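Every read-out reported here was derived from the displayed coordinates using simple, explicitly stated rules and does not represent laboratory data. None of these values were measured; they are calculated from a predicted model. Methodologically, a virtual Cβ is constructed for each residue, glycine included, from the backbone with ideal geometry; neighbour enumeration extends over all protein chains shown.
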Amino acid sequence: MVIKILGTGCASCKKLEENAKEAVKSLGIEATVEKVEELQEIMAYGVMKTPALVIDEKVKSMGKVLSAEDIKKFLK
């Protein structure tokens, strides 16, 4: 499983990345958390508001900082 955090490096993006790592750790699953900061790559996903959460190339959320609990729901 590949989880991508799309964002330009703002505080919200960093918080979403932390929450994603926490969710993966607490579920004990195999997943890679990647940070995507390149604007053209972010736009290629059709994302207009950051931060965004992408799981296995599917956009799950944009414009919100999801909690670790919210992210877990997408990972199960």
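Using 0.36 nm times the number of residues separating Ala44 and Glu22, minus their current alpha carbon distance, what extension gain do you get?
The Ala44-Glu22 span can extend by a further 5.3 nm.
Considering just Cα atoms, how many Å³ per residue does the convex hull of the stretch 2-75 enclose?
67 Å³
Go ahead and estimate [θ] at 222 nm for the chain from helices alone: -39,500 (n - 2.57) per DSSP H run with n ≥ 4, summed, over the residue count, rounded to 500.
-12000 deg cm²/dmol
Distance in nm between label sites at Glu37 and Lys60, each 7 Å beyond Cα in the beta-carbon direction?
Rounded to a tenth, the inter-label distance reads 2.3 nm.
Please determine, in degrees from 0 to 90 and to the nearest 10, the orientation of helix 11-27 with respect to the longest principal axis defined by the Cα atoms of the chain, where the helix direction is its Cα long axis.
That works out to roughly 30 degrees.
Could you grab the relative contact order for the chain? Cα pairs under 8 Å, six or more apart, rounded to a whole percent.
41 percent
So which GluC sites (Glu not before Pro) in the stretch 2-76 end up in coil per DSSP with only 11 or fewer other C-beta atoms within 10 Å?
Here the sparse-neighbourhood loop sites are Glu30, Glu38, Glu57.
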